[in-house]
Amino acid sequence: MSEPEIRLPAEGRSQSEVLAQLRQLQQHDVNWHAGKVFSLVFYAGQDVSAIAQQAYGLFFAENALNPSAFPSLRQLETEVIAMTARLLGSSGQVVGNMTSGGTESILMAVKTARDWARASRPRVRHPEIILPATAHPAFEKAAHYFDVKAVHVPVDANFQADVGKLRKAITRNTILLVGSAPAYPHGVIDPIPAIASLAAEHTILCHVDACVGGFFLPFLRSLGHPVPPFDFAVPGVTSMSVDLHKYGYAAKGASVILYRTPELRRHQLFVYTDWPGGIYASPTMTGTRPGGSIAAAWAVMHYLGQSGYERIAAEVMRSTAALRAGIAAIPGMQVVGDPVMSVLAIAHDDLDIYAIGDEMAQRGWHLDRQQSPPSLHMTINVVHTTSLELFLTDLRAATATVQAAGGRRKTALKHAGVRLAARLLPRVLIRRLARRATAGVGGASGGPERSAAMYGMMGALPNRADLNEAVLDIVEQFTLPQDRAAE
Ligand SMILES: *Cc1c(COP(=O)(O)O)cnc(C)c1O
């Protein structure tokens, strides 16, 4: 292999040349502006992006690692936290911190629970947290990082946390119960009051993951939609995570972790006093923290205000209702469970939903694949107001195409673990996995282009452990320059 070409340029290039190259690279990304993507980007309009970008730019250089150097950031951050806590049922006591995202907020909640248990439940040797199956993988990550055992409990027929099963899973080592408002896969809200009272009954903690719902449900409620209790107004809820970079429309890198009491939050904080560099104190995982994301969150919250968020939520819900009506009108097609807001999954009674996903991808739509049950995921934003008619037209056509191709009756349930899991991966990964799986047996070098066809090649990977290793290989390769990543 030749010497890799990629290195720091010896001489700098012009600003226009650099920016032109960045813009050119962006051309190949998914086109979320056109409303053809249903994940990853939360967008409330050009004006909202503009205020976030300008605020970010103003505080581009500032570092929230040391708030005493930047009283501005300290004020902005405390106001963001207080506004968020107030929206989520705090009557004044709730405290919290800003973090880089939902994952960091959840890591903090689990670490705090662990350290709370070390201090106040010394007989717990091997702490356990109980997760409904639909809880976000960030809890699993936290358990992995902090040496806590994650206990998984199936959800019920409505895709809600099953409180009876949670109760049965509680042991003397249990320190934390988790519920989501809503859970990401199907947009279903867990029965938070029942989970929280179960936790209170056992004097353990209860975290509500409102990462995707925390900046939407309060506005839905004030618009008059029925929203079940899910926040600090529910007794027994001890912590909550809420992402500002989702339906808060802040710049990416903004979430809030909240605790019912300062005593509980204290277990989150970190200080080291013996360092030659001085006394080092830090509330969350990160050291240096970007001032820009704090300023952008504050700016968007002040720019939109209660009425602005309500207006956007109303528009998103109108689109969601229109989509749901259109989906229900396609025979066999349905929304999974009973989602309260604008996050949902669609499934088909008879046809292979992944094949329908392939057909939609051919028409330029980006929908994530899910398992248990096989479904396609949708997060609705205002960009979808203008694309939803076309979406429904294409969904009808895609469904008809799959039907005409012999129906391709839902095969997913017949697939063993790996083959099912393999069908969930983005197509580029499937292609590489398929090549990898067939490389040893003199398989095709190009491979089929359609993912539904590629899955057939996946049988060569015998079990889920192999799949884990194969996916890890790909994760490693993602950070290598493309000419060096083994194809
Ligand atoms: C997005 C999300 C998370 C994780 O947040 P990141 O910002 O991606 O780290 C956790 N829980 C739920 C319910 C989410 O929707």
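The values are calculated or read from the model by the stated rules, or taken from the named source; none is laboratory data. Since we're looking at a predicted model, the values are computed, not measured. Glycine gets a Cβ as well: all are built from the backbone with ideal geometry, and neighbour counts include every protein chain shown. Calculation scope for accessible area: heavy atoms of the full protein, side chains included, ligands and nucleic acids excluded. Shrake-Rupley method; radii C 1.70, N 1.55, O 1.52, S 1.80 Å.
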Label-to-label distance, nm, for residues given as GLN15 and PHE60 (7 Å Cα→Cβ offset): 0.9
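Using the structure shown, select from LYS141/LYS246; LYS149/LYS252; LYS141/LYS165; LYS165/LYS252; LYS165/LYS246 the pairs with a Cα to Cα distance greater than 24 angstrom. Walk me through the numbers before you get to the answer.
Working: LYS141/LYS246 20 Å; LYS149/LYS252 30 Å; LYS141/LYS165 22 Å; LYS165/LYS252 36 Å; LYS165/LYS246 31 Å.
Too far apart for the 24 Å limit: LYS149/LYS252; LYS165/LYS252; LYS165/LYS246.
If the chain between SER91 and GLU140 were fully stretched, how many nm would it gain, using 0.36 nm times the residue separation less the Cα-Cα distance? Let's see the in-between values first.
On the way: separation 49, 0.36 × 49 = 17.64 nm, distance 3.12 nm.
Here the segment from SER91 to GLU140 would lengthen by 14.5 nm.
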TYR309 accessible area, assembled protein chains, probe 1.4 Å, Å²: 10
Dipole magnitude of the range 121-236 about its Cα centre (Cβ charges: Lys, Arg +1; Asp, Glu -1), debye to nearest 20: 400
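Listed highest first by mean packing, meaning other Cβ atoms within 10 Å per residue, what order do 374-380, 77-83, 142-148, 335-341 come in?
Working: 374-380: 23.0, 77-83: 18.4, 142-148: 16.3, 335-341: 20.6.
Highest to lowest by the protection proxy: 374-380, 335-341, 77-83, 142-148.
Roughly speaking, to the nearest percent, how much of the chain's 1.4 Å accessible area is carbon and sulfur? Write out the running numbers ahead of the final one.
Numbers: 12960 of 23290 Å².
Result for the chain: 56 percent of the exposed heavy-atom area is carbon or sulfur.
Would you mind classifying the chain by shape? Square roots of the alpha carbon gyration tensor eigenvalues, ordered a ≥ b ≥ c; an a/c under 1.5 is rounded, otherwise it is prolate if a/b is larger than b/c and oblate if not.
Numbers: a/c = 1.37, a/b = 1.23, b/c = 1.11.
The shape class here is rounded.
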Difference of contour (0.36 nm per residue) and Cα-Cα distance, GLN371 to HIS225: 49.6 nm
GLN306 versus ARG318: modelled label distance in nm, points set 7 Å from Cα along the beta carbon direction: 2.2
Value at 222 nm in deg cm²/dmol, rounded to 500, when DSSP H runs of n ≥ 4 in the chain each add -39,500 (n - 2.57): -13000 deg cm²/dmol
Å² per residue, accessible surface of the chain at 1.4 Å: 48
Beta bridge orientation in the range 55-302: antiparallel %, DSSP, nearest 5: 50
For the chain, share of DSSP beta bridges that run antiparallel, in % to the nearest 5: 60
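I need the calculated FRET efficiency for the pair ASN468 and VAL30, taking r as the beta carbon distance and R₀ as 25 Å, to the nearest 0.05.
0.45
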Anchor LYS36: aspartates and glutamates whose Cα lies under 19 Å away (excluding residues fewer than 8 positions away in-chain): GLU315, ASP358, GLU359, ASP368, GLU389, ASP394
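Looking at the square roots a ≥ b ≥ c of the eigenvalues of the Cα gyration tensor of the range 55-302, which shape do they give, rounded for a/c under 1.5, prolate if a/b is larger than b/c, or oblate?
Values: a/c = 2.01, a/b = 1.26, b/c = 1.59.
Judged from the Cα gyration tensor, the range 55-302 comes out oblate (a/c at least 1.5, b/c at or above a/b).
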Cα-centre dipole for the chain with unit charges at Cβ (Lys and Arg positive, Asp and Glu negative), debye to 20: 960
Distance in nm between pseudo-label sites at GLU263 and GLU79 (7 Å out along the Cβ direction from Cα): 3.3
Overall form of the range 237-289 per C-alpha gyration tensor (a/c, 1.5; a/b vs b/c): oblate
